[in-house]
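Trainee: Below is a structure I'd like to ask you about.
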Amino acid sequence: MKKINIAIDGPSGVGKSTIAKIVADKLDLVFINTGLMYRAIGFYCLENNIDLNNESEIMNKISQIKIELLPNNIVKLNNLDVSSRLLVDNISIAASKVAKLKSVREFCVKKQQEIAKLKPGVIMEGRDIGSVVLKDAELKIFLTASNEVRVKRRVKQLLEKGEKIDEKEVLKNIVDRDRRDSERKNTPLIKVEDAIEIDTSNLTLEQVIDKIITLAKEKMN
Ligand code: C5P
C-alpha cells in the first residue's frame, strides 16, 4: 500500500489528537500533533515572563532555544520533554495567543513541513494543516462537534484528572479559543474546499476512526 499524508483540522475539543493517534497506529503512519508546538512556545513565554503579544521578543527568544516536535504527542524544549505540562487551560490560552503572530506561525509551519518531508506518511493534526502545512495531503479531514458535546467531553476529561469543574468556564474557554483561532488574520482555522467534514457530535470514537480509515484506504490503493 502507498504511504499517504493525512491532514486533520478542526476546532478544539473535537478529538483530533486521540483520533489521529489511533489512525496512525492502524495505518502505520507517523502522528504529529502540531498544537504542541504552539503550546510549548506559550509555555516558554509564561515561564520566562515574555509578553504573549510581543512578537519580536518571542521570536528573538525562541530562535535561541531548541524546539523539537516529535511523533506521538512529544515536544522537547532544550532537550527536556515538556509534553505532559502543556495540556492545561492556561497553556491552551497562551498557545492560541502566540499562534496569532505571523512570525511564530511561519517558524512553526517551516518545522512541521520539514518533519513531513523527512518522514513521508504522516498524519498531522492542527488548525492549518490542510490549508498551509500539508497543502498537498492526499486526504484532508475537518472534524467538528457541537459546543455542547465539546463541553461534555472536556468536563469528562477534567473529572478524570480530579480537577474542579465550572461548566460555564469550560464553555467560555472553548468559545474564546475558537474565536481567536477562526478570526485571526494569519492563516485562521478554515475548512478548505478539498477537506471532508465529519461532524463527530453523534458518533463514537470508533465510528470516526472507521470513517477516516475507509477514506484513507481508498487513497492508499
Ligand atoms: O490543538 P491544540 O488545542 O493543542 O492547539 C493549541 C492552540 O495552538 C490552538 O488553540 C491554536 O491556537 C494553535 N494551533 C494553531 N495551528 C495549529 C495547531 C494549533 O494555530 N496547526
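Trainee: So is Asn5 away from the ligand (no atom under 12 Å from the Cβ) and buried (at least 22 other Cβ atoms within 10 Å of the Cβ) or not?
Mentor: In short, yes.
Trainee: Within region 103-139, can you find the residues that are part of a loop (DSSP other than H, G, I, E, B), at pLDDT 95 or above and more than 19 Å from Lys16 (Cα to Cα)?
Mentor: Hit for region 103-139 is Asp136, nothing else.
Trainee: Within 14 Å of the ligand (Cβ to nearest atom) and over 17 Å from the mean Cα position of the chain (by Cα), is that true of Lys185?
Mentor: yes
Trainee: Could you tell me whether Lys100 is outside any loop (DSSP other than H, G, I, E, B) and open to solvent by 20 Å² or more (accessible area, probe 1.4 Å)?
Mentor: No, not satisfied.
Trainee: Something else now. Name the one entry in Val88, Val122, Val155 that is more than 21 Å from Arg180 (Cβ to Cβ), surrounded by fewer than 18 Cβ atoms within 10 Å (Cβ to Cβ) and of a type in the set (A, V, I, L, M, F, W, C).
Mentor: Val155
Trainee: What's the total number of residues in region 89-110 that are in contact (Cβ under 8 Å) with a residue 12 or more places away in the chain, farther than 26 Å from Asp166 by Cβ and away from the ligand (no atom under 11 Å from the Cβ)?
Mentor: So the answer is 3.
So that you can scan it fast, the table gives a plain yes or no per residue for (1) among the hydroxyl-bearing types (Ser, Thr, Tyr); (2) within 15 Å of the chain's Cα centre (by Cα); (3) more than 17 Å from Arg184 (Cβ to Cβ); (4) assigned to a loop (DSSP other than H, G, I, E, B):
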site: Ile32; (1), (2), (3), (4): no, yes, yes, no
site: Arg39; (1), (2), (3), (4): no, yes, no, no
site: Ser56; (1), (2), (3), (4): yes, no, yes, no
site: Asn60; (1), (2), (3), (4): no, no, yes, no
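The values are calculated or read from the model by the stated rules, or taken from the named source; none is laboratory data. Here the structure is a predicted model, which is why all the values come from computation and not from measurement. Positions of Cβ are backbone-derived with ideal geometry, glycine not excepted, and every protein chain shown enters the neighbour counts. For the accessible areas, the whole protein counts, side chains as well, though only heavy atoms, and no ligand, DNA or RNA atoms are used. Shrake-Rupley method; radii C 1.70, N 1.55, O 1.52, S 1.80 Å.
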